[in-house]
Amino acid sequence: MELTQHPVNLRQQYRQQFSLLVLGAAVVVAALMVAWLSFQGSSSAKRSSNARPALVSQAQLQRFAASLDHPVYWVGPKPGYSYELTSSRGRVWVRYLPAGVKAGDHRASFLVVGTYALPGAFAGLQRVAKSPTAVSRSIADGGLMVYDAQRPTSVYFSYPGVKYQVEVYAPPAEDARSLILDGTVTPVR
């Protein structure tokens, strides 16, 4: 009798192991998607070694933005702040530094708007929006805003048909979302 029950127990054990394997694979895929989103331009990620931040005027920022084949986003002029511009391999960061803070300051306590040349950016955000920890919301002009609930200070958005993605990093997490939702984040003109 014990021999006849043994194959049934093995089948149940294999089914449980298979279910756990499938669940584990799903978790890994979700984690990879979140990692991809973070890697695609997190302002807290390490920038490449050839990226050199520089303080620029609004006019210099406008000239730089006009020289690219995709827009560069920012939150507009902010009195009392300097604009730190960093550009590397299709990625552009505009960081707002209070008076007295030098370009290249390593603290992650400043507002940063990153624009990243990225074919398929919108489709990528749609995929990431399906991950278990992702929070997403439709925005104006058919756009999509996505952030990871476990890391809400970096909020990403893109639009259908464009080849770029924008990140807004703000230490108070609700600031990043508000700046996007209220239309403050716009292309440099």
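Just so it is clear, none of the values below were taken in a lab; they were calculated from the coordinates. None of the values given here were measured: they were computed from a predicted structure. Neighbour counts are summed over all protein chains in view; Cβ atoms, including those assigned to glycine, are modelled from backbone coordinates with ideal geometry.
Placing a label point 7 Å from the Cα of Leu55 along the Cα-to-Cβ line, the residues of region 75-111 whose backbone N sits under 13 Å from it are 80-85, 96-105. 3J(HN,Hα) along region 178-188: 4, 4, 6, 5, 8, x, 6, 7, 9, x, 5 Hz, from the Karplus curve 6.51 cos²θ - 1.76 cosθ + 1.60 with θ = phi - 60°, whole Hz, x for Gly and Pro.
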